[in-house]
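Heads up: the structure comes next, in structure tokens.
The values are calculated or read from the model by the stated rules, or taken from the named source; none is laboratory data. Computed from a prediction, not measured in an experiment: that's the story for all the values here. Every residue, glycine as well, gets a Cβ built from its backbone with ideal geometry; the counts of neighbours run over all protein chains shown.
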Amino acid sequence: MIGALSRFATLMAGDAQADRVVPPTGFTAHLTLFSAAVMTFLAVFALALSLATGRLAERWSSELARSSTLRISAPVEQIAEQTQAALRVLNTTEGVASARALTAEEQRALLAPWFGPDVPVEDLPIPQLIEIIEDAKGYDAAGLRLRLQAEVPGAVLDDHTRWRRPLVRAASRLRMLGLVSILMIGAAMAAMITLAAQAALAANAQVIAVLRLVGARDIYISNAFVRRFTLRALAGAGAGMVLGALAILLLPAAQDEGGFLTGLGFQGWHWLWPLVLPPAAGAVAFVATRNAAQRSLRSMP
């Protein structure tokens, strides 16, 4: 490992005479810098998307996993009696940490996003909701439904399982899509840098032929291209990473009413992840240029 790092450091240190083989400006230089900057900029957003959806999946899973709702639908004159009966059943059920009936104000707040803040809850046939919080072990949903069916005919238990699973599955797939996007961005950048390296090698075919005549080995010529293109990719990726991080900073801060759209970004130590992208881009450029140089030099007469 130390030997490989030493060889890499020596390669990056370069040789002034060898560097003259590679044009310092021109189409290939601009293409390498531009592609590395743009791809890294996009990778910052893909990384932010992946991390944000990961947080979202964890939050949805934790918030819904230990909470349930009991809905009591009965005639108005029986609502209070069935509510008390349901609370007695819940308070004697193993695995239920707490159970309470929502107040009229709380139920009005739940309906406000659809019907406005002035919903006359008291005058509408709205079911009574009971919030159930599980303990660490949880309760037997099937057994609780049987007890409620026998003692509280108007009660319907919703343990949020059917809501939780699709949401968590969707967030997990979106996180995977973000990671796949990063890999595809890396592959696209490798393809562009490969094309730029091949174009530079072809444009300097006569110079390479002269170097061979005076005794230069292919590895010497290859290292010059690898070093120049790797440093260009590092510079472009560094600029793209900075611009991407600034763009993420300009996004709206996370808000409960904004949901996922205002939570797209980095939090805490996750801000260190974008710093990984420029070295990763340099590694992609190193491998892509090395392979392109070796293939092109072997094909030259």
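Output the residues belonging to the range 217-246 that are free of Cβ contacts under 8 Å to residues at least 24 places away in the same chain and closer than 20 Å to Arg295 by Cα. Arg217, Ile219, listed by residue number.
Within the range 127-168, the set of residues being part of a helix (DSSP H, G or I) and either at positive phi or at pLDDT below 80 (or both) comprises Thr161, Arg162, Trp163, Arg164, Arg165, Pro166, Leu167, Val168.
Scanning the range 257-301 for residues that are modelled with pLDDT of 85 or more, of a type in the set (Phe, Trp, Tyr) and crowded, with 18+ Cβ neighbours inside 10 Å turns up just one, Phe286.
The set of residues in the range 198-221 that are among the small types (Gly, Ala, Ser) and surrounded by fewer than 20 Cβ atoms within 10 Å (Cβ to Cβ) comprises Ala199, Ala202, Ala203, Ala205, Ala209, Gly215, Ala216.
For the structure I just gave you, tell me whether Ala65 is more than 14 Å from Asp158 (Cβ to Cβ) and at pLDDT below 85. Considered against the rule, which asks whether it is more than 14 Å from Asp158 (Cβ to Cβ) and at pLDDT below 85, Ala65 comes out as no. Of all residues in the range 73-106, those being loosely packed, with under 13 Cβ neighbours inside 10 Å and of a type in the set (Ser, Thr, Tyr) number 3.
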